[in-house]
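Working notes for the structure below.
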């Protein structure tokens, strides 16, 4: 059979360094659009990019021509440069190291899209920490909470 055909749906979640509330509403959507552009430029499919002041959810249709770790590295590096060059924050902006990556079936795409779309409303009820730990438990990923992120609680 010639050619390679695949459709892999991945949700990537990563936080602002120190989980600081730096992604402010006046320019947050511009950053999310920029991240979607990075994904598209890497010949991947940005389904939705959204988040709140301290973290981002990126839902991707991933083609296996690129390693997920390389894509996330490029997203974080390029968006960091974009935020710093535009002086959206005082001082130097950066993302925390690491990320969560969670895979979904085609039948789950709409539900994941809606979940990510409604991040503002969702986080009125749950903290990022609660959300992230729930993802790890739901996907049965072994973890030690003290090594997840640089929590500033």
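Here are some notes:
- Taking every C-alpha pair closer than 8 Å and separated by at least 6 residues, the mean separation divided by the residue count of the stretch 8-120 gives a relative contact order of 41 percent.
- With helices as the sole contributors, the chain gives -12000 deg cm²/dmol at 222 nm; each DSSP H run of n ≥ 4 counts as -39500 (n - 2.57), and the sum is divided by every residue.
- Structure remark: mean-square fluctuation, Gaussian network model of the chain, C-alpha springs under 10 Å; the largest value among 108, 11, 44 belongs to 108.
- Residues considered: 48, 141, 116. Largest GNM mean-square fluctuation over the chain, using C-alpha springs under 10 Å, is found at 141.
- Reducing the stretch 1-50 and the stretch 91-153 to their Cα centroids gives an inter-centroid distance of 14 Å.
Since every read-out is calculated from the coordinates, none of them should be taken as a lab result. Just so you know, these numbers come straight off a predicted model, no measurement behind them.
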